[in-house]
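To keep things clear, I will list the structure first and then write my remarks on it.
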Amino acid sequence: MIPLFSRLDFISCCNLLIYFDIGAQKKALRTFHYSLNNDGYLMLGKSENINQSTQLFTSANKKYKIFSRKINSDAQRFPELSPRFAQQSAFESSFLTVNQKRTTKIFLLIQGLDDAIDEVLVAEFMPASVVINHQ
């Protein structure tokens, strides 16, 4: 899944990250990094920071918590929507020695179910949005 909006010049994300744990903050910042143009900016709330993602952004204005997007080699890689696939690696590896075909089928069924769940969650709970540009 790719973000709804990409190639943005500016993202304002004030007082959202403070409600996320570190893992979710990193994922959100990777998504913002992916969505911004090379010369794009990210603005955070007064209590937020990018300490866990300094490889993605650099400070442009400390007073107003504005950060500019760093250009790096993995800029076009979009982070996965769900970490469940990584969590299943232990499940998958425990059955690999027992029955390779059965494990592969089970894993594919679980992956398909996870994709379906993600689609329903996005469709049902994603807020309505409006994009305004110069056109």
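Can you name every residue in the range 2-57 that is of a type in the set (Gly, Ala, Ser) and either at pLDDT 90 or above or more than 17 Å from Ile132 (Cβ to Cβ) (or both)?
Start the filter on the range 2-57 by keeping residues that are of a type in the set (Gly, Ala, Ser), which leaves 6, 12, 23-24, 28, 35, 40, 45, 47, 53.
Listed by number, the residues that qualify are Ser12, Gly23, Ala24, Ala28, Gly40, Gly45, Ser47, Ser53.
If I ask for residues that are open to solvent by 60 Å² or more (accessible area, probe 1.4 Å), at pLDDT 70 or above and either closer than 29 Å to Glu119 by Cα or not charged (D, E, K, R) (or both), which ones from the range 69-86 would you list?
The one that is open to solvent by 60 Å² or more (accessible area, probe 1.4 Å), at pLDDT 70 or above and either closer than 29 Å to Glu119 by Cα or not charged (D, E, K, R) (or both): Ile71.
State yes or no: is Ile18 touching a residue at least 24 places away in the same chain (Cβ under 8 Å) and open to solvent by 50 Å² or more (accessible area, probe 1.4 Å)? Spell out the reasoning first.
Details: touching a residue at least 24 places away in the same chain (Cβ under 8 Å): yes; open to solvent by 50 Å² or more (accessible area, probe 1.4 Å): yes.
Yes; evaluated as a whole, the condition is true for this residue.
The values are calculated or read from the model by the stated rules, or taken from the named source; none is laboratory data. As the structure is a computational prediction, the values presented were derived from the model and not from experiment. Ideal geometry is used to build each Cβ from the backbone, glycine not excepted, and the neighbour counts take in all protein chains shown. Heavy atoms of the whole protein, side chains included, go into the accessibility calculation; ligands, DNA and RNA do not. Shrake-Rupley method; radii C 1.70, N 1.55, O 1.52, S 1.80 Å.
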